[in-house]
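S.K.: Sharing a structure below in structure tokens format, with a few things to ask.
The values are calculated or read from the model by the stated rules, or taken from the named source; none is laboratory data. Remember, predicted model here, so these are calculated numbers, not experimental data. With ideal geometry, Cβ positions are generated from the backbone for all residues, glycine too; neighbour counts draw on all protein chains shown. All accessible areas refer to the heavy atoms of the entire protein, side chains included, with ligands and DNA or RNA removed. Shrake-Rupley method; radii C 1.70, N 1.55, O 1.52, S 1.80 Å.
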Amino acid sequence: LAESQAGPFSWLKGMAGWGTRLLIFTAAMGTLEAYVIGLTSDRIRKLLVFSIIVAFLACLVAFIGEATE
């Protein structure tokens, strides 16, 4: 991100970074969609349970990190 007072080079650099990030996430979403289409419903359920557990652990680590500061 560029500040509002930054020069044109900083703005162009920020826009190039934004475009690159957009391209990477678009490719990742396409790959993920192609991968999910080939999964069975049982594997999708297991993947969702795993992602919920990982998200819960991430929240737990964040709260513990805040509590120890």
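S.K.: Quick one: residue 65 ticks every box in (1) surrounded by 10 or more Cβ atoms within 10 Å (Cβ to Cβ); (2) assigned to a helix (DSSP H, G or I) bar one, so which box is it?
M.R.: (1)
S.K.: Which residue is farthest from the chain's Cα centre (by Cα), if the candidates are limited to the stretch 33-52 and must be open to solvent by less than 90 Å² (accessible area, probe 1.4 Å) and hydrophobic (A, V, I, L, M, F, W, C)? Full working, then the answer.
M.R.: At the first step, the residues of the stretch 33-52 found to be open to solvent by less than 90 Å² (accessible area, probe 1.4 Å) are 34, 36, 38-42, 44, 47, 49, 51.
Now restrict to residues that are hydrophobic (A, V, I, L, M, F, W, C): 34, 36, 39, 44, 47, 49.
On the way: 34: 18, 36: 17, 39: 21, 44: 19, 47: 17, 49: 18 Å.
Only one residue fits best here, namely 39.
S.K.: Is it the case that residue 16 is part of a loop (DSSP other than H, G, I, E, B) and either at pLDDT 80 or above or open to solvent by less than 100 Å² (accessible area, probe 1.4 Å) (or both)? Steps first, please.
M.R.: Values: part of a loop (DSSP other than H, G, I, E, B): no; either at pLDDT 80 or above or open to solvent by less than 100 Å² (accessible area, probe 1.4 Å) (or both): yes.
Considered against the rule, which asks whether it is part of a loop (DSSP other than H, G, I, E, B) and either at pLDDT 80 or above or open to solvent by less than 100 Å² (accessible area, probe 1.4 Å) (or both), residue 16 comes out as no.
S.K.: Separate question: Output the number of the condition that residue 56 fails; it satisfies all remaining conditions of (1) assigned to a helix (DSSP H, G or I); (2) loosely packed, with under 10 Cβ neighbours inside 10 Å.
M.R.: (2)
S.K.: Let me spell it out: the conditions are (1) open to solvent by 100 Å² or more (accessible area, probe 1.4 Å); (2) modelled with pLDDT under 80, and residue 24 meets all of them except one. Which number is the exception?
M.R.: The number of the failed condition is (2).
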